[in-house]
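Take a look at the structure set out below.
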Amino acid sequence: MPQTLAFRQPAMSFPTYHLPGLRIAVSTQTAVVRKALDWMLQLFPQTMATPDLLLEASGLDMEDLKAAISPGTLAALPGDEADPILVESSSGELITLGRFAGLVYCATLNREQTHARLFCELNKVEPPQSTIQSIMALMLYPVLREVFLQNHCLLLHAAAIKCPNGTGIQLVAESGGGKTTTSLAMVRRGARLISDDLLVAGPGAAVRGLPKPLNLRAPTLGFFKELGWLAARSNPRTGKSSLIPQLIYGPACLASVCTVDIIYFLKLSQGRPAITRMPASMALKKLVEAHAFCIRQPTSGESLSGLCDLLASAAFYQLETGDNPEYLGQWLLDNCLGHARKLN
């Protein structure tokens, strides 16, 4: 089995961020990594309370990276840029390995789940900040998933919105599957955003968001006239623009928590939006996929129980989005209460 990683650089102390039910302290000596983590965590309040999890993040050149990783661990590294892979060391430490934009990255989480180390390869030509942000997310989210699970919560790759009538909606789709566009289509008409990408589901049907700036693709900017000006500020490498939603829609556009009444599994389509009932087995399969952040990340009995509880408390459908997000947003607000009453 892979061995525990040895890190040689000391870490500096930084403020502690307060996530839903979890306090994490971040330490790094690498400026580009620090900037990426600051961007990811900027919307979380800071606290002086004792952290539950210490994150140490580093950027290493390839030679230092090879020296830090045992040969057995490096052998598990995927040969291409597929999803990261999870392996376990002989000491019970969880290790996430992967490649992105040609750079190797790795994260470790100790058995007690109190200390994580994140590092990525940095070569002589400093990569774009957007690349480092993506790598930090690929490392951090599998770690947070395990720590939240220890605290009896589920981390999900999903969006949630609280409608003006109180109905709570969860949106499930793969990256690029319409979660952000659909969320904004409702928020601009008075709904409140919990998160467009990451949710923490606690006991029962309540979900909280892990807020971060929205990364908007050009098509999404084109759908909504108030966002058109952002196109000129798009990152030329990624074609995406960053947006803090309350700067456009006001501070009331955000909410911290909602109870999920409906789960829509998105399917991009043409024409008008429509819903169809989804078999519970298929819905559970898609939730399991939304709960996994890397290859070989196991789904525990507690996870399955929590996901089943979420389905049992909500109506769930496949939602064909149609090709007009403005219409979709109003259609969902007009019909969500009726959808919620049609329990599966």
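The values are calculated or read from the model by the stated rules, or taken from the named source; none is laboratory data. Only a predicted model underlies this, so the values are computations on that prediction, with no experimental measurement involved. No Cβ is skipped: glycine too gets one built from the backbone with ideal geometry, and neighbour counts run over all protein chains shown.
Might you let me know whether the range 190-200 holds any residue that is surrounded by 18 or more Cβ atoms within 10 Å (Cβ to Cβ), assigned by TED's automatic domain parsing to the domain that holds GLY228 and over 15 Å from the mean Cα position of the chain (by Cα)? Walk me through how you get there before you give the answer.
Let us first name the residues in the range 190-200 that are surrounded by 18 or more Cβ atoms within 10 Å (Cβ to Cβ), namely 191-200.
Pick out the ones that are also assigned by TED's automatic domain parsing to the domain that holds GLY228 and you get 191-200.
From what is left, the residues that are over 15 Å from the mean Cα position of the chain (by Cα) are 191-192.
Looking for residues that are surrounded by 18 or more Cβ atoms within 10 Å (Cβ to Cβ), assigned by TED's automatic domain parsing to the domain that holds GLY228 and over 15 Å from the mean Cα position of the chain (by Cα), one finds at least one in the range 190-200, hence yes.
I'd like the residue in the range 56-73 that is out of contact with any Cys (no Cβ under 9 Å at 6 or more places or on another chain) and not charged (D, E, K, R) and, out of all such residues, is nearest to THR108 (Cα to Cα). So that I can check it myself, show each step before the final result.
Filtering the range 56-73 for residues out of contact with any Cys (no Cβ under 9 Å at 6 or more places or on another chain) gives 56, 61-64, 66-67, 70-72.
Among the residues that remain, those that are also not charged (D, E, K, R) are: 62, 67, 70-72.
Values: MET62: 18, ALA67: 16, SER70: 13, PRO71: 16, GLY72: 15 Å.
That would be SER70.
Can you tell me which residue among PRO211, PRO236 is at pLDDT below 95, crowded, with 16+ Cβ neighbours inside 10 Å and part of a loop (DSSP other than H, G, I, E, B)? It would help to see each step written out before you state the result.
Values: PRO236 fails: crowded, with 16+ Cβ neighbours inside 10 Å.
Exactly one residue qualifies, and that residue is PRO211.
So, in the range 1-60, exactly how many residues are under 24 Å from LEU198 (Cβ atoms), at pLDDT below 90 and aromatic (Phe, Trp, Tyr)?
Total meeting the criteria: 1.
For the range 317-334, which positions are part of a helix (DSSP H, G or I) and in contact (Cβ under 8 Å) with a residue 12 or more places away in the chain?
Kept after step one, since they are part of a helix (DSSP H, G or I), are these residues of the range 317-334: 325-334.
Result: PRO325, GLU326, TYR327, LEU328, GLY329, GLN330, TRP331, LEU332, LEU333.
Could you say whether any residue in the range 259-278 is assigned to a helix (DSSP H, G or I) and either outside the structural domain of CYS106 (by TED's automatic domain parsing) or surrounded by 14 or more Cβ atoms within 10 Å (Cβ to Cβ) (or both)? Full working, then the answer.
Our first condition is that a residue be assigned to a helix (DSSP H, G or I); within the range 259-278, this holds for none.
No, the conditions are met nowhere in the range 259-278.
In the list ILE263, ILE295, which residue meets the criterion of being in contact with a strand residue (DSSP E or B) (Cβ under 7 Å, 6 or more places away or on another chain), closer than 25 Å to LEU86 by Cβ and touching a residue at least 60 places away in the same chain (Cβ under 8 Å)?
ILE295
Among (1) modelled with pLDDT under 95; (2) among the charged types (D, E, K, R); (3) within 30 Å of ILE85 (Cβ to Cβ), which single condition is LYS286 missing?
Just one mismatch for LYS286, condition (1).
Return the residues of the range 46-62 that are surrounded by fewer than 17 Cβ atoms within 10 Å (Cβ to Cβ) and in a strand (DSSP E or B); say none if nothing qualifies. Talk me through it step by step, then tell me what you get.
Narrowing the range 46-62 to residues surrounded by fewer than 17 Cβ atoms within 10 Å (Cβ to Cβ): 46-50, 61-62.
If the condition is that a residue be surrounded by fewer than 17 Cβ atoms within 10 Å (Cβ to Cβ) and in a strand (DSSP E or B), then GLN46, THR47 are the ones that fit.
Does the range 246-253 include one or more residues that are closer than 22 Å to HIS339 by Cβ, assigned to a loop (DSSP other than H, G, I, E, B) and modelled with pLDDT of 90 or more?
Taking the range 246-253 and keeping what is closer than 22 Å to HIS339 by Cβ, we get none.
No: the range 246-253 contains no residue that is closer than 22 Å to HIS339 by Cβ, assigned to a loop (DSSP other than H, G, I, E, B) and modelled with pLDDT of 90 or more.
Search the range 290-301 for residues being surrounded by 13 or more Cβ atoms within 10 Å (Cβ to Cβ) and outside any loop (DSSP other than H, G, I, E, B), and hand back the single one that is modelled with the highest pLDDT.
ALA290
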